Amino acid sequence: MYRTLQQDIQARIQTLLYERYDMQLPSVAIELPPKIEFGEMALPVAFELAKRLKKAPRAIAQELQSALAEIPGIASVEIAGAGYLNLKLDRSATVHRIAKDEHASVGGDGFQLVEHTSINPNKAAHVGHLRNAILGDTFARMLRKDEFKPGYPVGVQNYIDNTGVQVADIVVAVRELKRMNLYQTREWLTEMLESNVRLDYACWDLYAEISQWYEADPSQTAARKQLRLNTLHELEVGENETAEIAELVSIGILRRHLQTMQRLGIEYDFLPRESEILHLQFWETARRLMVERGVLYLETAGKNAGAWVMRRAGAEPLTESTVDEDAKIIIRSNGTVTYVGKDIAYHLWKFGLLGKDFGYTKFHEYPDHVCWTSALTGEDPHPSFAQASAIYNVIDSRQDDPQTQVKEALRALGFTAEAEHYVHLNYAMVALTPRCAADLGYKLSDEDKERSYIEVSGRKGFGVKADDLIDRMIGAARAEVDARHPELDESERADIADAIGIGALRFFMLRFTRNTVIAFDFRDALAFDGETGPYAQYAAVRAANIFHKAGVDPAAALKAIENADLTALLAADTDIWELWLIASRLSSVLEQAIAAAEPAILAKYAFTLAQSFNNFYHRHHILKEQDPERKMLLLATAAVARRELVRVLGWLGIRVPAAM
């Protein structure tokens, strides 16, 4: 609702500027005043116009004042300071519109492709992977159509690097440490499946062992690393026993990854695999295009002689005699293609610019949709994901430079619009607090205990498996639920604990801005006080309890105030009006979070709304209120707060449990 009013005001100002001054502004800023007594909106437009019109800002504000006051929903317009326009809303009329769920439309046309998770299929998912997946899943929820918004057409994909070094390492481990061939590998996998032993957990330990094995015997280090390179080459070529072992193991681990993520409510539409990118020769097609357009060239001098390179973003122009020593290598002098080269081809495909597509085959059935994977030849009919209007890649901050180079390649190839719609949702690492590491059983030195966080390492075997973390979160929540609600049956308590544990984990991963290092801590995440998931969930549960005890439906409470004159009540209780105002800003906050590609904005809003509701709850004894008109308003206030809180938590992937 707040955003709807903003749009009305912005449109009215642009019309006034055209009619009075024969001009328009690229945008009209609307700010939130620091105090409610100044109004609900502040416009600095007079300052923007002062230089153009060569008038004092206050004089311009006076010319706009009366016209703005005519906008429906505006009670008054006051001029403050040197020319600020402070707008005060008609509180009663605004509350009526909020109660009717009037809000700005968020969405549009154009297929939005969100890529996230992208875990190497060589071991169990860990705590760092969860930040990636939760960020990506939340952003997709923010974009996707739902009951609140028309949204955008969205596709969620999870890139599977099944021919990379990490998978090669697991194949080396299977052969060299476990001494198994293809037949024995099949037997091993079958035995684990039948005995309910987790493949991803077994490979977690194997990966740590093989990482140490390469360096364990100095006399064998060179030979063992050459074995890794040979294995990697065989994976890329395909159609050999090495590739078959890799396929069996990586598919088995991938299925485990999908199960892990589904526990968090995270699902995918498409799983593109690097093996098909290689065999369908995406890179060769991209290489020819880059050479034809002069983006990729053979370096003949300097340190990169013999390599095919491209200019870096922002590079200075070259003179004829200059060698660009800082050029980005795309094809090494030995003929191998770098990660960036393959990624350029992949993103040309994403935008539908490659002239090629995958075959598609069904991989996994979710309750309401199919997850497809890439194939050399696929099933019909099938969808196609090579049609993105915008791309959002959730990849950690260590990949900032490669991601920048892919965008630069698109721009250099002439695809400037696509480059502008290529967004890298980067994020910083997830570590553990020393307290959390100790809770997990890790032995810490005195120095470690004083650190602000402890880094994890999959190669060293130091870390937290995602499923172990989820189990710990749900287990801790279950202990609390059992103590608080022994009267509930087993299934109810299990469902509540699941909602709280998952909600706590997701909120903790989302509350920090993307480029903040997270030091994860069980106890902090599960706290019922402070900026946590359980705190926000508890506010929504508390609101629901009000209606349960009152025997009133929330929708009926909102409908009851439709024709009531609330002017006096809202003037007397400013905190009630402020809660309505916060609730009205939902679509505005969602737009801001999408534009900034920052889910933390939504998490902050959820906490602010929950906090405002809790303050309201403690100040007003809703069920004991004797004045029928005031009680009607209090119930409607609780209803609107809960409605918007449930919505924003839904975008964060957090369920509201039945009790807490």
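Looking at segment 484-522, none of the chymotrypsin sites (Phe, Trp or Tyr not before Pro) sits in a DSSP loop with at most 12 other Cβ atoms within 10 Å of its own Cβ. Here segment 164-266 is assigned +1 on the Cβ of each Lys and Arg and -1 on the Cβ of each Asp and Glu. Its dipole about the Cα centre then comes out at about 260 debye.
Length gained on full extension, residue 528 to residue 442: 28.3 nm, using 0.36 nm per residue less the C-alpha separation. Judged by the mean number of other Cβ atoms found within 10 Å, the most tightly packed of the peptides 301-310, 222-231, 439-448 leads the ranking 301-310, 222-231, 439-448. With N counted as the residues of segment 2-89, its alpha-carbon radius of gyration over 2.2 N^0.38 Å works out to 0.99. When segment 164-266 is described by a simple charge dipole with +1 on each Lys and Arg Cβ and -1 on each Asp and Glu Cβ, the residue from 168, 229, 242 located farthest towards its positive end is 168. If you take the alpha carbon atoms of segment 383-494 and fit the smallest convex hull around them, that volume is 215 Å³ per residue.
Once the Cα atoms are used to define both axes, helix 533-550 deviates from the longest principal axis of the chain by about 40 degrees. For the chain, relative contact order (Cα pairs under 8 Å, six or more residues apart, normalised by length) works out to 14 percent. In terms of overall dimensions, segment 428-660 has a Cα radius of gyration and Dmax of 20.3, 67 angstrom. Full extension of the chain between residue 102 and residue 611 yields a length gain of 180.9 nm, computed as 0.36 nm times the residue separation minus the alpha carbon distance. Measuring nothing but how far apart in sequence close Cα pairs (under 8 Å, 6+ apart) lie, relative to its length, segment 164-266 scores a relative contact order of 41 percent. Extension gain for residue 301-residue 452 works out to 49.6 nm (0.36 nm per residue, less the C-alpha to C-alpha distance). Applying a DSSP loop filter and a limit of 10 other Cβ atoms within 10 Å to the GluC sites (Glu not before Pro) in segment 212-286 leaves 239. Across segment 428-660, C-alpha contacts under 8 Å between residues 6 or more apart give a mean separation that, scaled by the residue count, equals a relative contact order of 25 percent. The trypsin sites (Lys or Arg not before Pro) of segment 608-649 that meet both conditions, a loop assignment by DSSP and at most 14 other Cβ atoms within 10 Å of the site Cβ, are 624. Note that the chain shows a convex hull volume over its alpha carbon atoms of 217 Å³ per residue. Taking N as the residue count of segment 164-266, its C-alpha radius of gyration divided by 2.2 N^0.38 Å amounts to 1.12.
Bear in mind that the values in this text are calculations on the coordinates, not laboratory data. Here the structure is a predicted model, which is why all the values come from computation and not from measurement. As a convention, Cβ positions derive from the backbone with ideal geometry for all residues, glycine included, and neighbour counts pool all protein chains shown.
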